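Below you'll find the structure, written out as structure tokens, and then a few comments.
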Amino acid sequence: MKKLLYHPAYITMINELKTRRKELGLNQEELGLLIKRDQKFISRIEAFTKEIDIDELLIICAALQMSFLKVLARFSYNYNIKEIQDKKSPKDL
């Protein structure tokens, strides 16, 4: 399965999180402290070397005062659903 790290929708989502972090005046270390992780963890996400898990996204959204559901909805909207449909049709499930 293709990694999300390089998908335009994923890149857009991470950039939105990074922009929000900066809007709040937080550096990577401060965000890390809020979510009980280190600065390297945030850096790897923002540098697209670590794929974010859904539970991590939920915690980061809460720390950044963002609606998890809205972030997820924007990601879903931006994600090309055709990529998934081309791999397996419903009759193959």
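Suppose the filter is closer than 14 Å to LEU57 by Cβ, out of contact with any strand residue (DSSP E or B) (no Cβ under 9 Å at 6 or more places or on another chain) and in contact (Cβ under 8 Å) with a residue 40 or more places away in the chain; does ARG37 pass it? First the steps, then the outcome.
Numbers: closer than 14 Å to LEU57 by Cβ: yes; out of contact with any strand residue (DSSP E or B) (no Cβ under 9 Å at 6 or more places or on another chain): yes; in contact (Cβ under 8 Å) with a residue 40 or more places away in the chain: no.
Against the criterion (closer than 14 Å to LEU57 by Cβ, out of contact with any strand residue (DSSP E or B) (no Cβ under 9 Å at 6 or more places or on another chain) and in contact (Cβ under 8 Å) with a residue 40 or more places away in the chain), ARG37 does not qualify.
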Review point. Looking at region 38-55, is at least one residue of a type outside the set (D, E, K, R) and at positive phi?
Key: yes
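Please count how many residues of region 40-49 are over 14 Å from VAL71 (Cβ atoms), without any contact (Cβ under 8 Å) to a residue 40 or more places away in the chain and either open to solvent by 60 Å² or more (accessible area, probe 1.4 Å) or within 12 Å of the chain's Cα centre (by Cα) (or both). Before you say what the answer is, go through the steps one by one.
As a first pass, look at region 40-49 and keep what is over 14 Å from VAL71 (Cβ atoms): 40-44, 46-49.
Within this subset, residues satisfying the condition of being without any contact (Cβ under 8 Å) to a residue 40 or more places away in the chain are 40-44, 46-47.
Applying the additional criterion that residues be either open to solvent by 60 Å² or more (accessible area, probe 1.4 Å) or within 12 Å of the chain's Cα centre (by Cα) (or both) yields 40, 42, 44, 46-47.
Final tally of qualifying residues: 5.
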**Study point:** Options ARG74, ARG21: the member that is modelled with pLDDT under 95 and either open to solvent by less than 90 Å² (accessible area, probe 1.4 Å) or out of contact with any Cys (no Cβ under 6 Å at 6 or more places or on another chain) (or both)
**Key:** ARG74
Review point. Of all residues in region 60-71, which are farther than 20 Å from SER43 by Cβ, open to solvent by less than 60 Å² (accessible area, probe 1.4 Å) and over 11 Å from the mean Cα position of the chain (by Cα)?
Key: SER67
Exercise for review: Considering only region 1-60, give the helices (runs of 4 or more DSSP H) lying wholly within it that have at least 2 residues that are within 18 Å of ARG74 (Cβ to Cβ).
Suggested key: 8-23, 39-46
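The values are calculated or read from the model by the stated rules, or taken from the named source; none is laboratory data. Being a predicted model, the structure only gives us computed values, none of them experimental. All Cβ positions, even for glycine, are placed from backbone atoms using ideal geometry, and neighbour counts span all protein chains on display. These area figures cover heavy atoms from the full protein model, side chains too; ligands, DNA and RNA do not enter into them. Shrake-Rupley method; radii C 1.70, N 1.55, O 1.52, S 1.80 Å.
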